[in-house]
Amino acid sequence: MKKSLLSVTAICAGVWMTACNGGKSVMTLGELSGEWNIVKVAGEQAQSEEQAFIGLDIDGKRLYGNAGCNNVMGVIELDTLKEGMMSFSQVASTRRMCADMDLENKVMFALEKVAGYEKAPEGLALVDAEGKTLMTLARRAEQVSVNNLAGEWVIKSAEGVVPEILDKTPFLSFDVTEMTVRGNGGCNIINGSFSHNESQTASLEFGQMISTMMAGPGMDFETNVLKAMEKVRSFALIGAEGLNLLDENEAVVLSLEKNKGKKLAE
């Protein structure tokens with residue numbers, strides 16, 4: 001009799017827990033991370049010339065994407081003590097004017113109101129503080145993004161020229177959170193920044209690069225590296241460990257290979 005009573009109690013407790021959770025399944029942070037197409041916002045189908053999407057960089061606590069016209073960015077705020085709680089701060093956008101700003105206005109309004117997230121038939125729902133769905137999202141097809149640039153890359157060639165044996169290995173290291181790049185051109189330490197248009201997933205452009213002023217055997221190759229960096233407008237992944245940086249005509253100006261743990265001296 002006691003065994004039966006315990007079983008009934010356990011079943012009731014399970015039903016109570018499901019009811020308290022509203023039958024909604026909470027996503028893990030790993031499932032949440034990545035890029036999501038905006039399917040609906042404010043209960044209406046999202047339609048625009050460019051595919052509106054948001055990217056959730058959970059590790060970097062960074063929101064990015066495109067609201068249908070302008071790029072959006074912000075900071076992700078997660079409540080580590082409560083599952084399914086998330087909000088965005090410092091939400092901003094670029095200032096390009098488009099013929100139809102209706103979708104963008106709705107997206108920006110919704111992002112300001114987000115207080116949590118949950119699984120949805122489409123993939124993901126962003127909800128307000130009362131649990132009302134603000135936006136539904138579908139996982140974006142896997143494609144290149146600025147995050148693919150992260151880390152250290154050995155420079156294999158610049159402007160078609162392969163480096164000779166040098167004192168220092170030429171390399172570039174990308175910090176996609178700070179949008180900065182550093183490395184060595186073959187002789188000198190180089191530092192600078194880069195930009196990336198979120199609506200053009202493979203876009204890449206370097207800002208002005210600063211280098212130290214030493215002279216050495218790697219100067220000729222370094223000159224090629226710096227000239228090539230000025231021409232870069234996009235990138236292409238080559239397998240799992242290769243990266244080509246391309247000019248405006250999509251010609252390869254820099255060929256890179258992922259550093260496999262070797263200590264690279266600046």
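The values are calculated or read from the model by the stated rules, or taken from the named source; none is laboratory data. Fair warning: this is a prediction, and the values are worked out from it, not measured in the lab. Here the Cβ is made from the backbone with ideal geometry for all residues, glycine too, and neighbour counts use every protein chain on show. Note: accessible area is taken over every heavy atom of the protein model, side chains too, but ligands, DNA and RNA are not part of it. Shrake-Rupley method; radii C 1.70, N 1.55, O 1.52, S 1.80 Å.
Worth pointing out:
- Point-charge dipole on Cβ atoms (K/R +1, D/E -1) for segment 41-89, about Cα centre, debye to 20: 120 debye
- Answer label for Kirkwood radius over Cα pairs in Å (calculated), chosen among [x] 19.5; [y] 21.2; [z] 20.3: [y]
- Residue-normalised accessible area of the chain, expressed per residue, 1.4 Å probe, Å²: 56 Å²
- Sparse packing (at most 15 other Cβ atoms within 10 Å of the Cβ) combined with a DSSP loop state is found for the following trypsin sites (Lys or Arg not before Pro) in segment 95-187: R95, R96, K132.
- Debye, to nearest 20: dipole size of the chain, +1 on Lys, Arg Cβ, -1 on Asp, Glu Cβ: 1060 debye
- Portion, in percent, of the accessible area of the chain that falls on carbon or sulfur, probe 1.4 Å: 53 percent
- Compactness of segment 37-109 - radius of gyration and Dmax, Cα, Å: 12.9, 43
- 27 Å tail of the calculated P(r), segment 121-266, as % of Cα pairs: 29 percent
- Across the options P163, I210, S199, the greatest Cα extent toward the positive end of the charge dipole of segment 69-222 (unit charges at beta carbon of Lys, Arg, Asp, Glu) belongs to S199.
- Estimated [θ] at 222 nm from DSSP helical runs (n ≥ 4, -39500 (n - 2.57)) normalised by residues in the chain, nearest 500: -5500 deg cm²/dmol
- Just checking the listed ones, A99, A138, A67: in the Gaussian network model of the chain with Cα springs under 10 Å, the one fluctuating most is A99.
- Cα-based helix-to-principal-axis angle, 102-113 vs the chain, degrees rounded to 10: 70 degrees
- Positive contributions from Lys and Arg (+1) and negative ones from Asp and Glu (-1), summed over other residues with Cβ under 15 Å from the Cβ of V176, come out at -4.
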